[in-house]
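**Student:** Okay, handing you the structure first.
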Amino acid sequence: MSAARRCGPARALTGLFVWHLPKPAVRQMPCKFMHCCGVANKRWITFQHLNFLKRMYVTQYNKDLSQQAKLKSDPVAPPFLEKKHLGQEKTVIHEIRTVSPLHPPLSETSNRNEFKAVNSAAIVEDLATAIGAESKEEKQWKEMKLQLDDLPGILARLSKIKLTALVVSTASAGFAMAPVPFDLTCFLLTSIGTGLASCAANSINQFFEVPFDSNMNRTKNRPLVRGQISPLLAMSFAASCAVPGIALLTLGVNPLTGALGAFNIFLYTCCYTPMKRMSIINTWVGAVVGAIPPIMGWTAATGSLDAGALLLGGILYSWQFPHFNALSWSLREDYSRGGYCMMSVTHPAMCRRVALRHCLALIGLSTMAPILDVTTWNFPLISLPINLYISYLGFRFYRDADRSSSRKLFFCSLWHLPMLLLLMLTCKKSLLEKEDKSERLS
């Protein structure tokens, strides 16, 4: 009673409210509520305190209401128990059992079909693995073993046998055009010496250009690039061709022809080859290299450097521009990939213009032949149609600037040169006519 008197009416009201609650609710009452009861001796209980008691009662015991209690957050495991929890989770994962199939077991026919499908898939996989292994082996570096049966073909490709044949044919044409009696022994020595010098120059050229030829589709199958022959063997072959070739031209023919042959090897290997990656002047230097063989043939027959020899060299010089410029136009991507500085890559307009210019120059050079007493006046007339045709194709190449026109000009140049030299040989002035003319002048 003394306690009720001290608490006053507020504590009495609170006690009545608490009396009607079930005993478990009193045990679970928050500490804040007891604190409010302890502080009530100084002030009256307000409506907020009663409202708080109502919310607590409804949350704990009236489950029919649509209110939900706030979920407790997951307790944070202490550091020393973290490994234990992880181990438990792993054991739970391993204890999961496989689920039985929902569909009924397959029939015997379906099992056979599935077995066949598995076998075919395995065979296809084995084939793919075998093909992949073979391609991998092909990409790996292998030591190339040189067979003696393959050596002649390898050396022929190393010496560019087709280009060497063209060089020998132009030297033979120069020998045949000389105004002297034909000497078979001197002709054979000149042809063999010129061919050996050409083989040596081409072999040295391929030796220097191995890193660049490997980047071009046109030259990636050369012997040195593929490793079919060693660089030492290639240079030994070049030396074995150069030394006897120059010796034949110097001792068997005459020193002038031997000097021209040695100079041409030097010009091709030491000037033209490195200049291909430096400047477009390499095309003009290469044209000089191609113009020397007919001059060598003329000097081999006469022993002197005459106007007729320079005329033949000029024809070969001009012919090479439409021939090579048309070829390089179709190989622009290859030359650019290999790092070569060609007119078709760096100066395409000049490439077409120079080709047309030298096509027209062939007409003028053909007209100079009878003036220099190399041929009769029939030669300019009968050579005019083929010269006009190659000039027309050169104009088409200059105007259209496409691959089709360049290919037509290139293939025309292949038959134009032998045809022009053959016509020149048929219209050659005989030795008797020249002697008669010299007697009249004297």
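The values are calculated or read from the model by the stated rules, or taken from the named source; none is laboratory data. Just so it is clear, the structure is predicted and the values come from calculations on it, not from any experiment. Using ideal geometry, Cβ is built from the backbone for each residue, glycine included, and neighbour counts are taken over all protein chains shown. Side chains included, ligands, DNA and RNA excluded: accessible areas come from the protein's heavy atoms. Shrake-Rupley method; radii C 1.70, N 1.55, O 1.52, S 1.80 Å.
**Student:** What single numbered condition from (1) open to solvent by 70 Å² or more (accessible area, probe 1.4 Å); (2) within 22 Å of the chain's Cα centre (by Cα); (3) closer than 16 Å to ALA242 by Cα fails to hold for PRO211?
**Tutor:** Here PRO211 meets the rest and fails (3).
**Student:** Here's something else I'd like to know. Can you name the number of the only condition in (1) open to solvent by less than 40 Å² (accessible area, probe 1.4 Å); (2) over 19 Å from SER159 (Cα atoms); (3) of a type outside the set (Phe, Trp, Tyr); (4) free of Cβ contacts under 8 Å to residues at least 40 places away in the same chain that ALA301 fails?
**Tutor:** (4)
**Student:** Okay, next question. If TYR335 passes every condition in (1) buried (at least 18 other Cβ atoms within 10 Å of the Cβ); (2) touching a residue at least 40 places away in the same chain (Cβ under 8 Å); (3) in contact with a Gly (Cβ under 9 Å, 6 or more places away or on another chain) but one, which one does it miss?
**Tutor:** Unmet condition: (3).
**Student:** Is it true that THR185 is over 18 Å from TYR335 (Cβ atoms) and not assigned by the TED database to the domain that holds GLY339? Show your work before the answer.
**Tutor:** Values: over 18 Å from TYR335 (Cβ atoms): yes; not assigned by the TED database to the domain that holds GLY339: yes.
For THR185, the condition - over 18 Å from TYR335 (Cβ atoms) and not assigned by the TED database to the domain that holds GLY339 - is met.
**Student:** Taking the stretch 308-331 on its own, how many of its residues are over 26 Å from GLY245 (Cα atoms) and assigned to a helix (DSSP H, G or I)? Walk me through how you get there before you give the answer.
**Tutor:** Taking the stretch 308-331 as the starting set, the residues that turn out to be over 26 Å from GLY245 (Cα atoms) are 318-319, 321-331.
Narrowing further to those that are assigned to a helix (DSSP H, G or I): 318-319, 321-330.
So the count comes out to 12.
**Student:** Here's a check for you: in the stretch 167-202, which residue that is more than 36 Å from the chain's Cα centre (by Cα) and of a type in the set (Gly, Ala, Ser) is farthest from ARG157 (Cα to Cα)?
**Tutor:** Step by step, filter the stretch 167-202, then rank; the result is ALA178.
**Student:** In the stretch 332-390, what residues are among the small types (Gly, Ala, Ser) and in a helix (DSSP H, G or I)? I'd like the intermediate steps shown before the answer.
**Tutor:** First, pick out the residues of the stretch 332-390 that are among the small types (Gly, Ala, Ser): 336, 338-339, 344, 349, 355, 361, 364, 366, 369, 383.
Within the stretch 332-390, SER336, GLY338, SER344, ALA349, ALA355, ALA361, GLY364, SER366, ALA369 meet the criteria.
**Student:** Does any residue of the stretch 381-404 turn out to be free of Cβ contacts under 8 Å to residues at least 60 places away in the same chain, more than 13 Å from PRO322 (Cα to Cα) and crowded, with 21+ Cβ neighbours inside 10 Å?
**Tutor:** Yes, because at least one residue in the stretch 381-404 is free of Cβ contacts under 8 Å to residues at least 60 places away in the same chain, more than 13 Å from PRO322 (Cα to Cα) and crowded, with 21+ Cβ neighbours inside 10 Å.
**Student:** Please indicate, with yes or no, whether at least one residue in the stretch 171-186 is open to solvent by 20 Å² or more (accessible area, probe 1.4 Å), in a helix (DSSP H, G or I), closer than 17 Å to CYS241 by Cβ and not hydroxyl-bearing (Ser, Thr, Tyr).
**Tutor:** No, the stretch 171-186 contains no residue that is open to solvent by 20 Å² or more (accessible area, probe 1.4 Å), in a helix (DSSP H, G or I), closer than 17 Å to CYS241 by Cβ and not hydroxyl-bearing (Ser, Thr, Tyr).
**Student:** (1) modelled with pLDDT under 95; (2) surrounded by fewer than 22 Cβ atoms within 10 Å (Cβ to Cβ); (3) not basic (Lys, Arg): which one isn't true of ALA361, the others all being true?
**Tutor:** Going through (1) modelled with pLDDT under 95; (2) surrounded by fewer than 22 Cβ atoms within 10 Å (Cβ to Cβ); (3) not basic (Lys, Arg) one by one, ALA361 breaks only (1).
Yes or no, residue by residue, for (1) buried (at least 16 other Cβ atoms within 10 Å of the Cβ); (2) assigned to a loop (DSSP other than H, G, I, E, B); (3) not hydrophobic (A, V, I, L, M, F, W, C):
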{"residue": "ALA197", "(1), (2), (3)": "yes, no, no"}
{"residue": "ILE204", "(1), (2), (3)": "yes, no, no"}
{"residue": "ASN221", "(1), (2), (3)": "no, yes, yes"}
{"residue": "VAL225", "(1), (2), (3)": "yes, no, no"}
{"residue": "ILE229", "(1), (2), (3)": "yes, yes, no"}
{"residue": "PHE237", "(1), (2), (3)": "yes, no, no"}
{"residue": "SER240", "(1), (2), (3)": "no, no, yes"}
{"residue": "LEU249", "(1), (2), (3)": "yes, no, no"}
{"residue": "GLY252", "(1), (2), (3)": "yes, no, yes"}
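**Student:** State whether the residues of the stretch 263-276 include one that is without any contact (Cβ under 8 Å) to a residue 40 or more places away in the chain, touching a Leu at 6+ places or on another chain (Cβ under 9 Å) and part of a helix (DSSP H, G or I).
**Tutor:** no
**Student:** Taking the conditions exactly as written (open to solvent by 10 Å² or more (accessible area, probe 1.4 Å), at pLDDT 95 or above, of a type outside the set (Ser, Thr, Tyr) and not assigned by the TED database to the domain that holds HIS358), does PHE263 satisfy them or not?
**Tutor:** So PHE263 fits the description; yes.
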